[in-house]
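Since the structure comes first, as structure tokens, the remarks are kept for the end.
The values are calculated or read from the model by the stated rules, or taken from the named source; none is laboratory data. All values reported here derive from a predicted model rather than from experimental measurement. All Cβ positions, even for glycine, are placed from backbone atoms using ideal geometry, and neighbour counts span all protein chains on display. Note: accessible area is taken over every heavy atom of the protein model, side chains too, but ligands, DNA and RNA are not part of it. Shrake-Rupley method; radii C 1.70, N 1.55, O 1.52, S 1.80 Å.
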Amino acid sequence: MLVVTLLVAFAVRLSGDPVVALFQGASAPNKTDLERIRKALGVDRPFLVQYTEFATGLLTGNLGHSFRNGQPVSELIREKIPGTLVLAASSLFISIALSVPLAISSAVRKGSWVDRLVRLFSLIGLSFPNFWLALMLILIFGVGLRWLPPSGFEDWRSVIMPATTLGLILTATNVRLLRAALLEVLSTQYITVARSKGLPQRVVLYKHALRNAAIPAVTFIGLQFGGLIGGVVIVEQVFAWPGLGSLALNAISQRDYPVLQGTVAVLALVVVAVNLLIDFSYGLIDPRINVS
Amino acid sequence: MKAGIKLFSVLALTLGLGVALSQSPGPTGKLVIAQTQDPHSWDPIDTFLLSWGMVGSNIFDGLVDRGPDLKIKPGLAERWVFLKNNSVIRFTLRKGVKFQNGEDFDASAVKFTFDRLLGDEGAKGPQQANYTAIKDVKVVSKYIVEFNMSRPDPVIITKLAGYGAKIIPPKYYKEVGDEKFNNLPVGTGPFRPTEYVKDDHLTLEAFTGYWGGSPKVKTITYRFIPEASTRVAELQAGRADIVQGVPVSLASVVKGIGDAELVPVGTTTVTELRFNTSMKPMDDVRVRRAMIYAVDRDTIIKTILQGYGKPIASFQGEISWGFDPKLKPLPYDPAKAKALLAEAKVPSGTEVEIDFTDTDVQFREVAQGIAGYLQAVGLKVNLKTFEQNTYFSDIIPKNKTGHMYNFGWGGWTLDFDNTAYLLYHKDEYWNPVFSDPKVEALLEKERGTYNQKARQKSMQELARYLQEIAIEMPLYQGVNLWGMNKRVSGWVVPPDDRNRLVNVSVK
Amino acid sequence: MNDRQTSRIRRRINFDLVFGLLLLSVSLFSALFASLIAPLGSDAMNLADRLKPPGVDGHLFGTDAIGRDILARIPHGGQISLTVGFVSVAVSLVVGVGIGLLAGFYRGVLDVVLMRIADVQLSFPFILLAITVIAVIGPGLWKLIFVMALTQWVQYARMVRGQVLSLREQDAVQATRALGASDARIVLRHMLPNLIGPVIVLATLNVANNILLESGLTFLGLGIDPLIPSWGGMLADGRNYMQTAWWVATFPGLAITVTVLGFNLLGDWLRDRLDPLDQGRGHES
């Protein structure tokens, strides 16, 4: 985490200027004003001094204050976490709700037209850039049908479109992973035995096969979580969604170093935490793992 | 989610009140405004962003004010006089004005405001820069204050209508502290902020005790939506009443909405391509003139901008002091352009670069149009986009631009002096390379006189000379496009950032 | 079991392969022969002819907001988009596989450093990195490719390292080593062929992915020179015309979809073919 923030802190200081950013909209900053604010913000000091201050603050939970409005960075992040978590959780939910039945129907009838259609459909999420998918959804469901609010975070209906945009992208990979894993599991002796015991197809599929097949898919989600958050940046932009992605994006363009460093540290922490959770979830998905 | 529930209860409350109060003339209804940006702090001294002014003009008042006609008029001060050879300005304050929290407005609030602006708190923000000519503020009596000037500033009254000089309530500020004040400030304006969720929305409630008369709308919600297509989608879905920043490419979509209309308004903002005279072949005046002759600016305005823009001859709009109606833009003449390039021995296929910022969707199309015309006279054009912050803090001031670069100017003082000095005077922030003795002389001459006629004459002469040496390619004076739902009435579209809503009502 | 037999026969004529190749060849050939399809080049513009619908004045796909022929821009745009896709993948593949082989084979410090770098990259959102890097080095086709390679080589390195770790313990490799084969020989002759399958699959998926990424970056304003046509750039620039001039974005969008689908189907087919487990299963059924 420290390495990530160090890299970011260093890279973002290579160009641009937080003080000039504050003068955005004004005619022209003059040198004395630039110097005065630089000093007030502490960005006139050497990089290592600034970074050490941030790093020690990080360890004590003090992330510093935003250049833009003087608010503590930790508070800014706390305000955005609900939006990001709701979006991440609901897009995961949508992707699971779509990919499990699709993967099963395709794996059970491998090579059939159902299988092909499912796989083609699942590729939709991978065939359009996410901003494009998002704008299409807005035009169809927000403007054309007026079923859903085009943007913002007001209630549960606001979540549907952004979560679907992200969810479809996840679905594409999940369907394929789950399908492959299911095929593998279905051909094992374990399932053959279960079948020969006369267990109904449904029980075999859901109780035995799916559990085993879920593990690679879940691992993959963990690996892709950083990428998912990356996709969130664009989706938040299109849907005017208040989340960590837009916070980081604004912090980059404003060169609001404390906010950017803090957000990146928290994002890195979230990714690590999610991967830890996934490790724990193996036990829940497949009780045998606890034994071994 | 919590925000959602709150929003709904506010809505329910508004509707309920609307029914209950329909007989009495109190403020009713809810207005939703979609704007591009959230300035992240509502404190007047923290920012220059237009997105602050659009909201802040409804929360705060200054001692003086600038209306939609761009003329200075009294605000919280009823009148003012310059004393002691212009070194003191005495303001007589309006009586009976209250802040939205019930606090009285008087001389102590003015003093507190300027002490904070010019003190340590102000030093952390950019607005202080505009007011450094003020030495201090003295309370003479409850409703009289005097500003002592440390040096003369001819545009100080205009500046007092600016953001940093908005008057804030001393008691409330001390009570809640700076951080809370940034989020939910209090002013003397017609609306009071009641709820703020960053990057999402800010809600204002009508302040019926406003000195200028009660507002007509009960609630205003500002929503911050960066993507233009999404803002327009909100208008189409009937969920936004006023939409700021409609790009020309979406103008016909807005026109096509049955219950909404497209509202264009001319602005003072001008756009141009500046030439980097330190680069070959741009150091040759013939080449610079050739570039201007080569580009059909009228057609670009008619097609890409769909007529929402006016051709300009110098880098100022019609309303600017120093504008010369007799000065015409250089015509479109590709044959002459080719001849000049040949004369300057610029071979066909010479590469030139045009720089602009990455998020400017509109100029992206204009730049491609310009490139097309330059290619037609035999040049090879590369377009290069830069991240906005890098562009304005590294690329332009440190002279790292290509041959030509996009530049826009708000010209908020409405005086060519301000523009010309910062752009053509040598060693200014925005002018890393260009210097010309005649330009320097004209600028000095203009600054050295208080005779307005003489100033205007030298500024017109300067503009003519700049055209002659073809220091830049003036492109157009901008038109801002807004979208408005037809249920809104009484709205005067602002040519600047001050989008006042006190007289607006919704059906 | 009749169903299974027919599906096996169908597998031979493989749907993925045929359909994938079909889609891909359309986009590849149009890009390769761009100068035949649009001999006048792609930058002829005429502002008077902007936003003409398909079929008007001989513009089969219509014109864009600058008055350029979209049909001419699509094959030329394909050259750029496919270059972005292929080169970024090729660079990250070569670098990633090389480092993965070394790290997995020799372990030690290199391995430790590699794994830490991989952790850092996995926990950092790509878009934020891209924005930061491009803000610093500026935009451009090759810089864009550089950013993609910079962030993606880790995927290959991790994948290869994992496989090398298990391969080097295998009997065949141990035996070769005992016979005195050089390290280079072991790696190149015995390991590389065994691990190249999954790498190729990942590569096909990333080619498609990077074509989309280029579009996303243009959306954020970080794309390449707008005078150089690329499908992603055309799509992003067309977004404001979705309701008034659908053709501006639809045709480049279709080109992307066709190509991405093609690559993904081909990737699926390769995965099926190269996965040893899958082949075993084919035998069993």
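Do we have any residue at all in the range B:346-357 that's at negative phi and within 9 Å of another protein chain (Cβ to nearest Cβ)?
So far as the range B:346-357 goes, yes, one or more of its residues are at negative phi and within 9 Å of another protein chain (Cβ to nearest Cβ).
Tell me which residues, restricted to the range A:31-85, are modelled with pLDDT of 85 or more, hydroxyl-bearing (Ser, Thr, Tyr) and part of a helix (DSSP H, G or I).
If the condition is that a residue be modelled with pLDDT of 85 or more, hydroxyl-bearing (Ser, Thr, Tyr) and part of a helix (DSSP H, G or I), then A:TYR51, A:THR52, A:THR56, A:SER74, A:THR84 are the ones that fit.
List the pairs whose first member sits in the range C:125-146 and is more than 7 Å from chain A (Cβ to nearest Cβ) and more than 16 Å from A:LEU7 (Cβ to Cβ), whose second member is surrounded by fewer than 22 Cβ atoms within 10 Å (Cβ to Cβ) and not acidic (Asp, Glu), and whose Cβ atoms are under 6 Å apart, counting only residues at least 6 apart or on separate chains?
Cβ pairs passing all conditions: C:LYS143/C:ILE137; C:ILE145/C:VAL87.
Limited to the range C:219-232, what total is found for residues that are open to solvent by less than 10 Å² (accessible area, probe 1.4 Å) and assigned to a helix (DSSP H, G or I)?
Final tally of qualifying residues: 2.
Got a sec? Which of A:PHE153, A:PHE141 is surrounded by 20 or more Cβ atoms within 10 Å (Cβ to Cβ) and within 11 Å of chain B (Cβ to nearest Cβ)? Let's see the steps before the verdict.
On the way: A:PHE141 fails: surrounded by 20 or more Cβ atoms within 10 Å (Cβ to Cβ).
Within the list A:PHE153, A:PHE141, the selection yields A:PHE153.
For the range C:231-244, what are the residues that are of a type outside the set (Phe, Trp, Tyr) and at the interface with chain B (Cβ under 9 Å from one of its Cβ atoms)?
Taking the range C:231-244 first, the residues of a type outside the set (Phe, Trp, Tyr) are C:232-240, C:242-244.
C:ASP237, C:ARG239, C:ASN240, C:MET242, C:GLN243, C:THR244 - these are the residues of the range C:231-244 that are of a type outside the set (Phe, Trp, Tyr) and at the interface with chain B (Cβ under 9 Å from one of its Cβ atoms).
How do the strands (runs of 3 or more DSSP E) wholly within the range B:65-111 filter down when requiring 2 or more residues that are more than 25 Å from the chain's Cα centre (by Cα), surrounded by 13 or more Cβ atoms within 10 Å (Cβ to Cβ) and touching a residue at least 12 places away in the same chain (Cβ under 8 Å): which remain?
The qualifying strands (runs of 3 or more DSSP E) are B:77-83, B:88-93.
Could you pull out the residue among B:LEU262, B:LEU273, B:LEU250 that is outside the structural domain of B:TYR373 (by TED's automatic domain parsing) and part of a strand (DSSP E or B)?
None of the other options fit; the residue is B:LEU262.
So for the range B:47-57 (the condition being modelled with pLDDT under 90, hydrophobic (A, V, I, L, M, F, W, C), assigned to a loop (DSSP other than H, G, I, E, B) and open to solvent by 10 Å² or more (accessible area, probe 1.4 Å)), does at least one residue qualify?
Yes; the residues of the range B:47-57 include at least one that is modelled with pLDDT under 90, hydrophobic (A, V, I, L, M, F, W, C), assigned to a loop (DSSP other than H, G, I, E, B) and open to solvent by 10 Å² or more (accessible area, probe 1.4 Å).
Working only within the range B:292-309, note down all residues that are open to solvent by 20 Å² or more (accessible area, probe 1.4 Å) and among the small types (Gly, Ala, Ser).
Of everything in the range B:292-309, just one residue is open to solvent by 20 Å² or more (accessible area, probe 1.4 Å) and among the small types (Gly, Ala, Ser), namely B:GLY307.
Look at A:SER91 and say whether it is in the same structural domain as A:ASN212 (by TED's automatic domain parsing) and under 30 Å from C:PHE15 (Cα atoms).
no
Which of (1) at the interface with chain C (Cβ under 8 Å from one of its Cβ atoms); (2) open to solvent by 20 Å² or more (accessible area, probe 1.4 Å); (3) of a type in the set (S, T, N, Q); (4) under 15 Å from B:GLU272 (Cα atoms) is the odd one out, the single condition B:GLN368 does not satisfy?
Every condition holds for B:GLN368 apart from (2).
So which residues in the range B:112-127 are facing another protein chain (nearest Cβ under 9 Å) and more than 24 Å from the chain's Cα centre (by Cα), if there are any at all?
Scanning the range B:112-127 gives a single hit, B:ASP120.
Within the range B:206-225, how many residues turn out to be more than 12 Å from chain A (Cβ to nearest Cβ), modelled with pLDDT of 95 or more, under 25 Å from the mean Cα position of the chain (by Cα) and open to solvent by 10 Å² or more (accessible area, probe 1.4 Å)?
Of the residues in the range B:206-225, 0 are more than 12 Å from chain A (Cβ to nearest Cβ), modelled with pLDDT of 95 or more, under 25 Å from the mean Cα position of the chain (by Cα) and open to solvent by 10 Å² or more (accessible area, probe 1.4 Å).
Which condition does A:ALA248 not pass, out of (1) at pLDDT 75 or above; (2) open to solvent by 10 Å² or more (accessible area, probe 1.4 Å); (3) more than 19 Å from A:LEU177 (Cα to Cα); (4) small (Gly, Ala, Ser), if it passes all the others?
Against the list (1) at pLDDT 75 or above; (2) open to solvent by 10 Å² or more (accessible area, probe 1.4 Å); (3) more than 19 Å from A:LEU177 (Cα to Cα); (4) small (Gly, Ala, Ser), A:ALA248 comes up short only on (2).
Considering only residues that are touching a residue at least 24 places away in the same chain (Cβ under 8 Å) and out of contact with any helix residue (DSSP H, G or I) (no Cβ under 6 Å at 6 or more places or on another chain), look in the range C:218-227 and name the one that is farthest from the other protein chains (Cβ to nearest Cβ). Show your work before the answer.
Residues of the range C:218-227 that are touching a residue at least 24 places away in the same chain (Cβ under 8 Å), as a first pass: C:220, C:222-225, C:227.
Pick out the ones that are also out of contact with any helix residue (DSSP H, G or I) (no Cβ under 6 Å at 6 or more places or on another chain) and you get C:220, C:225.
Values: C:LEU220: 7, C:ASP225: 5 Å.
Across the range C:218-227, the extreme among qualifying residues is C:LEU220.
Looking at the range A:23-38, which of its residues are open to solvent by 60 Å² or more (accessible area, probe 1.4 Å) and more than 8 Å from every other protein chain (Cβ to nearest Cβ)?
A:THR32, A:GLU35
For A:MET161, which of the numbered conditions (1) buried (at least 21 other Cβ atoms within 10 Å of the Cβ); (2) within 10 Å of another protein chain (Cβ to nearest Cβ); (3) under 24 Å from the mean Cα position of the chain (by Cα) fails to hold?
Evaluating A:MET161 over (1) buried (at least 21 other Cβ atoms within 10 Å of the Cβ); (2) within 10 Å of another protein chain (Cβ to nearest Cβ); (3) under 24 Å from the mean Cα position of the chain (by Cα) leaves (2) as the failure.
If I filter the range C:68-79 for residues that are free of Cβ contacts under 8 Å to residues at least 60 places away in the same chain, open to solvent by 40 Å² or more (accessible area, probe 1.4 Å) and among the charged types (D, E, K, R), do I get at least one hit?
No: the range C:68-79 contains no residue that is free of Cβ contacts under 8 Å to residues at least 60 places away in the same chain, open to solvent by 40 Å² or more (accessible area, probe 1.4 Å) and among the charged types (D, E, K, R).
Residues are listed down the side, and each one gets a yes or a no for (1) within 9 Å of another protein chain (Cβ to nearest Cβ); (2) open to solvent by less than 50 Å² (accessible area, probe 1.4 Å); (3) more than 25 Å from the chain's Cα centre (by Cα):
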| position | (1), (2), (3) |
| --- | --- |
| A:ALA21 | yes, yes, yes |
| A:LEU41 | yes, yes, yes |
| A:ASP44 | no, no, yes |
| A:GLU79 | yes, no, no |
| A:ALA89 | no, no, no |
| A:ILE94 | no, yes, no |
| A:LEU102 | no, yes, no |
| A:SER112 | yes, yes, yes |
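Looking at this structure, is B:ALA228 on the phi < 0 side of the Ramachandran plot and within 11 Å of chain A (Cβ to nearest Cβ)?
yes
Given the residues C:VAL91, C:VAL109, C:VAL120, C:VAL87, which is the only one that is of a type in the set (A, V, I, L, M), within 11 Å of chain A (Cβ to nearest Cβ), open to solvent by 20 Å² or more (accessible area, probe 1.4 Å) and assigned to a helix (DSSP H, G or I)?
Every option except C:VAL120 fails the conditions.
Could you check, for the range C:161-173, whether at least one of its residues is buried (at least 20 other Cβ atoms within 10 Å of the Cβ) and hydroxyl-bearing (Ser, Thr, Tyr)?
Within the range C:161-173, none of the residues are buried (at least 20 other Cβ atoms within 10 Å of the Cβ) and hydroxyl-bearing (Ser, Thr, Tyr).
When you check B:GLY125 against the structure, is it under 18 Å from A:ALA28 (Cα atoms) and open to solvent by less than 20 Å² (accessible area, probe 1.4 Å), yes or no?
For B:GLY125, the condition - under 18 Å from A:ALA28 (Cα atoms) and open to solvent by less than 20 Å² (accessible area, probe 1.4 Å) - is met.
Considering each residue of the range B:238-291, count those that are more than 30 Å from B:GLN35 (Cβ to Cβ), of a type in the set (Lys, Arg) and surrounded by fewer than 19 Cβ atoms within 10 Å (Cβ to Cβ), and give that number.
Selection size over the range B:238-291: 2.
Which members of the range A:67-125 meet the condition of being touching a Leu at 6+ places or on another chain (Cβ under 8 Å) and among the polar types (S, T, N, Q)?
A:SER74, A:THR84, A:SER91, A:SER95, A:SER99, A:SER122
Residues in the range B:448-456: is at least one basic (Lys, Arg) and within 24 Å of B:ARG288 (Cα to Cα)?
No.
So B:GLN388 clears everything in (1) open to solvent by 30 Å² or more (accessible area, probe 1.4 Å); (2) within 11 Å of chain A (Cβ to nearest Cβ); (3) modelled with pLDDT of 90 or more except one condition, right? Which one?
The single condition B:GLN388 does not satisfy is (3).
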